[in-house]
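The values are calculated or read from the model by the stated rules, or taken from the named source; none is laboratory data. Source: prediction; values computed, not measured. Here the Cβ positions follow ideal geometry from the backbone for every residue, glycine too, while neighbour counts run over all protein chains shown. Protein only, heavy atoms only, side chains kept; ligands, DNA and RNA dropped before computing areas. Shrake-Rupley method; radii C 1.70, N 1.55, O 1.52, S 1.80 Å.
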Amino acid sequence: MERLVERLEKAVERLEMVCQRPGMCEDGSSKGVAQYVQAFDALLAGPVAEYIKISKEVGGDVQKHAEMVHAGLMSERALLVMASQHQQPAENAFSSLLKPISEQIQVVQNFREKNRGSKLFNHLSAVSESIPALGWVAMAPKPGPYVKEMTDAAMFYTNRILKEYKDVDKKHVDWVKAYLSIWTELQAYIKEYHTTGLTWSKTGPVATEGSKSPSAPQAGAAPPPPGPPPPPAPAPTSSSTDDSASRSALFAQINRGEGITSGLRHVSDDMKTHKNPALKNQGGPVRSGPKPFTAPKPACNANNPSPKTSPKAPALLELEGKKWRVENQENASNLVISDTELKQVAYVFKCTNSTLQIKGKINSITLDNCKKLGLVFDDVVGIVEIINSRDVKVQVMGKVPTISINKTDGCHVYLSKNSLDCEIVSAKSSEMNVLIPTEGGDFTEFPVPEQFKTVWNGQKLVTTVTEIAG
C-alpha cells in the first residue's frame, strides 16, 4: 500500500505540473482536443482541484484517499480523449478499456475497508460509497441519473460530517461542499455532452485496448497508478473473446436439436463393459476420473512451523484520547464503561456474544461488525450508529436524538419514555424492530418497514411504505 501511495503521489505531482489550466494536459496545448475533453479539464481544474486542495489541508487518510480519486478521474480523462479520436469498439473491447477505471474504484473502496478505525472514517465512507459514479461512461442510456444515484449514496456520511464539524472546524464543511460539487458539476457536464451515453468519434479507427492517445503519459515518465473503470461489468480477461466464441459455438450446437447426435458412433453390446466383463480387465485399471481439487499442503519446516490459524486480535476495552475502544470481545457478559465525559465517543468493533453497558452521558456510539451484542447506555447527545452487524440489541435508558442502522440484519431497539422522539434512520438492513415502553413496564414491538413502493405522480417520484398483509 505504501508503494502504491508513493506512485499516486508522484502521478498527482506530475499531472499538476502539466495540467495548469483546462485543455493543457499532457500534450501541452488545447489544439486538436475535443470540446468535451476541454470541458472535463475545466471540471478537473475547478471542483476537483478545490477538493484536492482541502483534502491536503485535512491531511491523513483523507489526503491519501483524494489522491486515489484524482488518479481515477485522470484515467477517465484518458478514456474521454480516446473516445474523441476513435469510433466505438465492440462490447468486449470496451470492457477492457474500462478496466483502469474499475480497478481504481476498487482501490478507493479497499482503502476505506482497511481503515475502519480511522478518525476520518465518515470522510472515507462518503468517497467510497459514491466513487462508482466514475462508471457513468458505461451507463447508457442514462449516465446522468446514475451519477445522481451514486451521489445520494454519499449523503448519509456527508450529513454526519456536517453535523459533527459544523460548529467545530469549517475546513471539514468546506471539504464536503467541494467533494459533492464534483459530482454535481459532472452531472451538468454529462447532460451537455453525453446525455445518453459516452460520445464516440464518428471518424478515426475503432478503439482497441492498445489504442494510444495524446493524453497518454510520455515515455520515460513515471508510470501512473493503476487506472479505474466503472463497476458495470467486470472487465474480461484476455481470453474473453475466445470464451465468447466458444459460447456462441456451444449455443449453435444446442440449437441443432436432434441433429446434435448425428455425429455419434453407435456402441454395440460387445463394446459395453457392463455386458462384457472381459473388457474390464483389459488395458490395466479402470480410471475413476480426476480427483477433486485439494489445496496443496505447505511444506513443514522444523525451524519455521506454519501456524494452524492466524492469531486472534487482542481484546480491548480502553480509552484512547477521547475514544473508548471496545474491540474483539467474545463471550464477555459484563463489559462496563462508567467513567465517561460528554466529549467522549465509543467505538465497538468485532464484538461477539457479549454485552456492554455505557454509563453517563457520551457524545456518540458506533457498533461496527458486531454479532449477538447487547448494548445498554444512558444518554447520547449525538448519534448511535449500527453498521455491518447481526443480531444486536440496543436499549436506551435516557435520551438519544438519532439511531442509524446501516447494512445490519437483525436489530432490536428498546426506547425509554424519554427517548420516544428519537429519529431512526435505516438503510440496506432487515429484521429491525423498535420496542416502545408501556405503562405496565413491558414493551410493545413495532417492525421497521423494509419494503417500499415508488410511483411517478407526473412531477416527481413518490415513495410510500408497502404494507404486506399476512
Q: Tally the residues that are of a type in the set (A, V, I, L, M) and either assigned to a loop (DSSP other than H, G, I, E, B) or in contact (Cβ under 8 Å) with a residue 12 or more places away in the chain (or both), restricting the search to the stretch 446-468.
A: 3
(Q) Step by step: first the residues of the stretch 111-123, then only those that are in a helix (DSSP H, G or I) and over 17 Å from residue 407 (Cβ atoms), then the one that is nearest to the chain's Cα centre (by Cα). Which residue is that? (A) 111
Q: Mind listing just one residue for me: the one in the stretch 353-383 that is out of contact with any Ser or Thr (no Cβ under 7 Å at 6 or more places or on another chain) and aliphatic (A, V, I, L, M) and, of those, surrounded by the fewest Cβ atoms within 10 Å (Cβ to Cβ)?
A: 381
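Please indicate, with yes or no, whether at least one residue in the stretch 124-137 is over 18 Å from residue 55 (Cα atoms), of a type in the set (Phe, Trp, Tyr), assigned to a helix (DSSP H, G or I) and open to solvent by less than 10 Å² (accessible area, probe 1.4 Å).
Yes: one or more hits.
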(Q) If I ask for residues that are open to solvent by 10 Å² or more (accessible area, probe 1.4 Å) and either small (Gly, Ala, Ser) or in a loop (DSSP other than H, G, I, E, B) (or both), which ones from the stretch 399-414 would you list? (A) 399, 401, 407
Q.
I'm trying to understand the selection: among the residues of the stretch 138-160, which are within 19 Å of the chain's Cα centre (by Cα), free of Cβ contacts under 8 Å to residues at least 60 places away in the same chain and open to solvent by less than 70 Å² (accessible area, probe 1.4 Å)?
A. 143, 146, 147, 150, 151, 153, 154, 155, 157, 158
(Q) Please pick out the residue among 93, 71 that is surrounded by 21 or more Cβ atoms within 10 Å (Cβ to Cβ), of a type in the set (A, V, I, L, M) and touching a residue at least 24 places away in the same chain (Cβ under 8 Å). (A) 71
Q: Could you tell me whether residue 168 is farther than 22 Å from residue 41 by Cα, part of a loop (DSSP other than H, G, I, E, B) and free of Cβ contacts under 8 Å to residues at least 40 places away in the same chain?
A: yes
Q: Working only within the stretch 422-445, note down all residues that are out of contact with any His (no Cβ under 7 Å at 6 or more places or on another chain), surrounded by 12 or more Cβ atoms within 10 Å (Cβ to Cβ) and part of a strand (DSSP E or B).
A: 424, 425, 426, 427, 430, 431, 432, 434, 436, 437, 443
